[in-house]
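Data first, discussion second: the structure below is written as structure tokens.
The values are calculated or read from the model by the stated rules, or taken from the named source; none is laboratory data. Quick caveat, the model's predicted, so the values are computed rather than measured. Note that we place each Cβ from the backbone using ideal geometry, even for glycine, and neighbour counts take in every protein chain shown. All accessible areas refer to the heavy atoms of the entire protein, side chains included, with ligands and DNA or RNA removed. Shrake-Rupley method; radii C 1.70, N 1.55, O 1.52, S 1.80 Å.
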Amino acid sequence: MHKKLWIPGPTEVKEDVLKEQAKPLFGHRSNDFTLLYDSVLTQLREFFKTEQHVLVLTASGTLFMDITARNLITPVGKALCCVNGSFSGRMYEAIVDSGRIASKLEVEWGKAVTVEMIKERLDTSDYEVVTICYNETSTGVKADLQAIGNLLKNYPDTLLVVDAVSSMGGDMLLPDEWGTDLIFASTQKCFALPAGLAIGIVSQRALDRAKEVPSKGLYINLEKILGYYEKKKQTPSTPNISLLFALDYKLKLMLAEGAENIFKRHKEMADYTHEWALKHGFGLFAEEGYRSVTVTTVENKLEKDVGELNKGLAEKNLVVANGYGKLKGLTFRIGHMGDHTLDGLKELLGAIEEVWNL
Ligand SMILES: Cc1ncc(COP(=O)(O)O)c(C=O)c1O
């Protein structure tokens with residue numbers, strides 16, 4: 001029996017979206033593919049109000065961490081990685097593992113890296129790239145991306161790279177206005193599709209940097225991928241067309257709902273979950289003022305058994321997520337992203353109350 005996914009990704013995929021993947025295929029060098037890919041990119045540009053380069057890779061979001069390391073940092077340059085959880089830490093590891101130099105700006109899990117902290121580092125050293133996670137899924141902390149983008153406008157040689165895997169398409173995001181240089185996501189989170197595609201929005205500055213960087217590899221070479229699209233309106237290697245059908249369809253639905261309304265729906269769900277948690281004597285793990293709208297990390301102050309909770313929820317065909325890594329048992333996470341609604345959330349929270357006798 002299917003359990004409704006209230007985890008912070010992969011999230012619930014609607015039946016009509018799943019069915020889009022069953023459409024008959026065509027070749028990726030056909031005009032049909034050009035039309036499909038162009039439709040996807042055009043809709044992404046419209047949704048995110050961007051004139052930057054847009055690309056969709058057949059990959060999960062992590063590939064963009066390798067892309068950052070191999071395309072945007074020269075062998076003599078260095079990156080500043082803001083780290084406040086597992087996923088932001090992964091970006092640092094990806095960069096170092098590619099033989100590039102990176103420094104960490106690290107704060108405790110549950111806290112946000114602030115504009116002031118970044119400014120202090122940028123004023124004392126030169127960095128080619130600053131990396132930040134817009135929505136740290138391991139802790140439920142959201143960065144003040146707009147303010148960080150504004151700060152970076154004063155450092156024209158420093159690119160802003162943003163992991164927006166668990167908030168792009170759910171939380172507000174304006175790449176051009178906020179001044180991001182590479183912002184990326186995976187389809188299995190707020191886009192409410194199966195995993196397998198990664199979406200990136202790339203500034204011209206970032207592409208110019210990539211042109212200066214040697215040995216960028218093949219599958220992850222931004223210059224090649226964007227150059228191929230420029231010339232042929234296609235992808236250099238064989239894409240997952242079935243998922244692109246689903247993404248094309250989903251973007252039509254997202255544009256019809258509207259970015260502002262989608263954001264409002266997510267914010268409402270987050271606010272409701274926060275109030276519910278506090279009312280029942282739990283805490284909120286993320287620091288105030290920096291709480292995610294797509295995932296709530298509930299501090300398990302009542303010391304309830306999260307494993308037992310999911311056993312009980314399974315009988316009601318529901319599932320939430322335990323705390324991430326070292327936070328297992330100490331927290332649990334409710335992913336209210338994608339197509340979820342406040343009504344569905346109320347049912348879930350009611351079910352949690354029943355299982356735990358709250
Ligand atoms: C913030 C964040 N970054 C990166 C990733 C990794 O994304 P993927 O599994 O699509 O490679 C995740 C996955 O949960 C995430 O939440």
Residue match in the range 145-158 (condition: assigned by TED's automatic domain parsing to the domain that holds S60, within 16 Å of the ligand (Cβ to nearest atom) and touching a Cys at 6+ places or on another chain (Cβ under 8 Å)): no
Any residue in the range 59-75 that's open to solvent by 20 Å² or more (accessible area, probe 1.4 Å): show its pairings with residues that are modelled with pLDDT of 95 or more and among the β-branched types (V, I, T) at Cβ separation under 7 Å, as long as the two are six or more apart or on different chains. L63/I220; D66/I220; R70/I220
Test result for D163, at pLDDT 95 or above, of a type in the set (D, E) and within 16 Å of the ligand (Cβ to nearest atom): yes
I'd like to check something: does the range 314-328 contain any residue that is open to solvent by 10 Å² or more (accessible area, probe 1.4 Å), in the same structural domain as V56 (by TED's automatic domain parsing) and farther than 30 Å from E223 by Cβ? no
Give the residues of the range 174-194 that are open to solvent by 10 Å² or more (accessible area, probe 1.4 Å) and either of a type in the set (D, E) or under 12 Å from the mean Cα position of the chain (by Cα) (or both), sorted by residue number. D176, E177, Q188, K189
Please pick out the residue among K211, K153 that is open to solvent by 10 Å² or more (accessible area, probe 1.4 Å) and free of Cβ contacts under 8 Å to residues at least 24 places away in the same chain. K211
Exactly one of (1) of a type outside the set (G, A, S); (2) within 20 Å of V17 (Cα to Cα); (3) open to solvent by 40 Å² or more (accessible area, probe 1.4 Å) is unmet by H336. Its number? (3)
Return the only residue of D16, D38 being within 21 Å of F191 (Cβ to Cβ) and touching a Lys or Arg at 6+ places or on another chain (Cβ under 7 Å). D38
Yes/no for R100 being assigned by TED's automatic domain parsing to the domain that holds S203 and open to solvent by 40 Å² or more (accessible area, probe 1.4 Å): no
Restricting attention to the range 21-74, report how many residues are in contact with a strand residue (DSSP E or B) (Cβ under 9 Å, 6 or more places away or on another chain) and within 16 Å of the ligand (Cβ to nearest atom). 14
Could you list all residues from the range 261-282 that are free of Cβ contacts under 8 Å to residues at least 40 places away in the same chain and part of a helix (DSSP H, G or I)? N261, K264, K267, D271, H274, E275, A277, L278, K279
